[in-house]
1. Tell me, what is the FRET efficiency for E64 and Y44 to the nearest 0.05, using R0 = 41 angstrom and their Cβ-Cβ distance as r?
2. Points 7 angstrom from Cα along the Cβ direction at A32 and R80: gap in nanometres?
3. For every other residue with a beta carbon closer than 11 angstrom to the beta carbon of L38, add +1 if it is Lys or Arg and -1 if Asp or Glu, then tell me the sum.
4. L53: net charge of surrounding residues, Cβ under 13 Å, Lys/Arg +1, Asp/Glu -1, itself excluded?
Amino acid sequence: MIEPSFFFKMNSENKLAALKLSGREGVEIDHAGALKILEERVEYGDSEAMWILGMCCDFGIGCEPNLSKAKSLYEQSKSRGNHVGRFFSNNGDPARKYRGEGAFIVGQGLFSVRTEE
């Protein structure tokens, strides 16, 4: 799961999507609702939504795992200057490589990716 620990510069739509993915701050987990928000934001060219949706595709959160779609979203995010998209795009195989690694810094927020195994 993608779990937001705190948010600073995340726009309200992406924050809501992240909360729906994690169930934090009293928001009920709603993967389908989160994916809908992220897909709409991607259509508007939101580079942050691109890598978050990429992580969902990468880990199969709310959808079937789709590595090629994840890589495409990371690359799109990178091409729009997003440093997180650049990180995952530049490191070959995306977030799967970091399973079990705990937290990583995203912009000015902290996310952790945990997988059920």
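Just so you know, all these numbers are worked out from the coordinates, no wet-lab data involved. Here the structure is a predicted model, which is why all the values come from computation and not from measurement. Cβ placement follows ideal geometry from the backbone for every residue including glycine, while neighbour counts extend to all protein chains displayed.
1. Numbers: r = 24 Å, r/R0 = 0.59.
Computed FRET efficiency for E64 and Y44 comes out at 0.95.
2. Those two pseudo-labels are separated by 2.6 nm.
3. On the way: positive: K20, K36, R41; negative: E13, E39, E40, E43, D46, E48.
Result for the neighbourhood of L38: -3.
4. Working: positive: K20, K36, R41, K69, K71; negative: E13, E39, E40, E43, D46, E48, D58, E75.
Residues close to L53 contribute a combined charge of -3.
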